[in-house]
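Visitor: Mind looking over this structure? Questions follow.
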Amino acid sequence: MHLCRRCVSVLLSRPLLSAALQPSTHTLHQRSHHILLQHSRVQPAIHSLTQRHSRETWTPCGRRNLTDHQAASPDVYNNKTDLAEGEVEKHIVPFENLNVHQISNQESLSDIGLDAVVRPSPLQEISEEEAVQIQVPSALPPDSFTLKPYVDKSETLSKLVQLGVNLWELEQRPNVGSMLVRLDFHADVAPKLLFLKDLGVEESKLGTLLTKNPFILTESLDNLEARVSYLKAKKFSPQSVAVMVSKAPYLLNFSIERLDNRLGFFQKQLGLSAEKTRNVVTRLPKLLCGSLEPIKENLKVCELEFGFRGNEIQHIVTAVPKLLIANKRKLTQIFDFVHNTMDVPHSLIAKFPQVFNAKFLRIKERHLFLEYLGRAQYQPSQPNYISLDRLVFLPDDIFCSEVALATLEDFERFQKTL
């Protein structure tokens, strides 16, 4: 006995007893085959041309009947009937070859269907090629606005937090958070930390350094070692290199060519010796990292607007390197008050250039207080001479007792009148 595929699918979609399966299948097959032959021999009525739109019906064994076109072309329809009966023969499968008993014993056949994918056993051995193709879902969140969800699951972030890195500050900067999440601690972070520690950077300053410059973690270790070797070749001591890296975290991110050009610029522009150049750069390593435009502008201001000579500028820069990157407005305000209001000559200002590091309000209040007391004397050749150093850098109580010869309460009351 033979059974069509559609009947088999109908049978297998319902749990049937094995004892009653064969008679029921035989009856259903005979009924489906009888309906098929009955539909193929029925002669439908002739419709008008306006009603020749086809309507299709399907028999249980997969036979399609065209109800409207049968009357319009009966010869063609008879030919199609013969072809359809041949097609039915192709879809008939022998019932004896179907292991119905085995299928009916599956417990979840009615739930998963015949087309369900058979999942492999967890204990089944697989090849290396199949193991490589297995995609394990990441334990990290796919996206986030902060680094907080990643800290507990990322070894890199948790270690950086322990070092004192400010992740909140880093996540405000574009693309820095995603960069840190992708870093592997053992491959990317740990070698750089050991390198900085061997260089002489204090462990307590590593967190601050990485907060200011997290991009040092993406630099090649060979490039970092080459730049340190260059600085040591220029006779910078290991202690000086460690101090420079701590003060200017971006120093090692610049190429050897840039470092060499910057050192040559300061030595040539200021006319300093190699030793004095190293001293200036060691005290203010930001000179090697920032832009040269503010530096060039401040040098022109000192020469053209303030009127200092070349040797005076050298002395000022050597004593106060910060003047090269200071705010131009602040420098102009202090120089104008000290030179024009207090009548201090260029030579004394160049001798005490630390006055440019003081606050303008502090200089103004103390000078006006001394002027009120009649003690504003800044000429070394005159009695009661007061140097700019003592004017600016002494604490208020010592300034009042030793310089102004007044009480601190008098100075505070005078400040309220300004």
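The values are calculated or read from the model by the stated rules, or taken from the named source; none is laboratory data. Just so you know, these numbers come straight off a predicted model, no measurement behind them. Because the Cβ atoms are built from the backbone with ideal geometry, glycine has one as well, and the counts that use them run over all protein chains shown. All accessible areas refer to the heavy atoms of the entire protein, side chains included, with ligands and DNA or RNA removed. Shrake-Rupley method; radii C 1.70, N 1.55, O 1.52, S 1.80 Å.
Visitor: What number of residues within segment 330-349 satisfy the criterion of being under 23 Å from residue 285 (Cα atoms) and either buried (at least 19 other Cβ atoms within 10 Å of the Cβ) or basic (Lys, Arg) (or both)?
Guide: 1
Visitor: Determine whether residue 362 is under 30 Å from residue 254 (Cα atoms), open to solvent by 20 Å² or more (accessible area, probe 1.4 Å) and of a type in the set (D, E, K, R).
Guide: So residue 362 does not fit the description; no.
Visitor: Moving on. Since residue 383 meets every condition but one in (1) assigned to a helix (DSSP H, G or I); (2) more than 30 Å from residue 276 (Cα to Cα), which condition does it not meet?
Guide: Residue 383 satisfies every listed condition except (1).
Visitor: Please determine, by comparing only the residues of segment 233-243 that are at negative phi and over 33 Å from the mean Cα position of the chain (by Cα), which one is surrounded by the most Cβ atoms within 10 Å (Cβ to Cβ).
Guide: Here the residue is 236.
Visitor: Moving to a separate point now. Within segment 244-269, which residues are of a type in the set (A, V, I, L, M) and out of contact with any Pro (no Cβ under 9 Å at 6 or more places or on another chain)?
Guide: Answer for segment 244-269, where residues must be of a type in the set (A, V, I, L, M) and out of contact with any Pro (no Cβ under 9 Å at 6 or more places or on another chain): 252, 256, 259, 263.
Visitor: With the condition kept exactly as written, say whether any residue in segment 260-278 is in contact (Cβ under 8 Å) with a residue 40 or more places away in the chain, farther than 14 Å from residue 321 by Cβ and touching a Leu at 6+ places or on another chain (Cβ under 8 Å).
Guide: No, segment 260-278 contains no residue that is in contact (Cβ under 8 Å) with a residue 40 or more places away in the chain, farther than 14 Å from residue 321 by Cβ and touching a Leu at 6+ places or on another chain (Cβ under 8 Å).
Visitor: Could you list, in sequence order, the residues of segment 296-330 that are closer than 26 Å to residue 239 by Cα and either in a helix (DSSP H, G or I) or basic (Lys, Arg) (or both)?
Guide: Across segment 296-330, the qualifying residues are 314, 315, 316, 317, 318, 319, 321, 322, 323, 324, 325.
Visitor: Any residue in segment 205-223 that is charged (D, E, K, R) sitting within a Cβ distance under 8 Å of a residue that is in a helix (DSSP H, G or I)? List the pairs, counting only those 6 or more apart or interchain.
Guide: Close Cβ pairs satisfying both conditions: 205/246; 219/192; 219/252; 219/253.
Visitor: Taking the condition on the phi > 0 side of the Ramachandran plot, over 32 Å from the mean Cα position of the chain (by Cα) and open to solvent by 50 Å² or more (accessible area, probe 1.4 Å), does residue 276 pass?
Guide: So residue 276 does not fit the description; no.
Visitor: Could you please find all residues in segment 331-366 being hydrophobic (A, V, I, L, M, F, W, C) and outside any helix (DSSP H, G or I)?
Guide: Once the filter is applied, which keeps residues that are hydrophobic (A, V, I, L, M, F, W, C) and outside any helix (DSSP H, G or I), segment 331-366 yields 342, 344, 352, 358.
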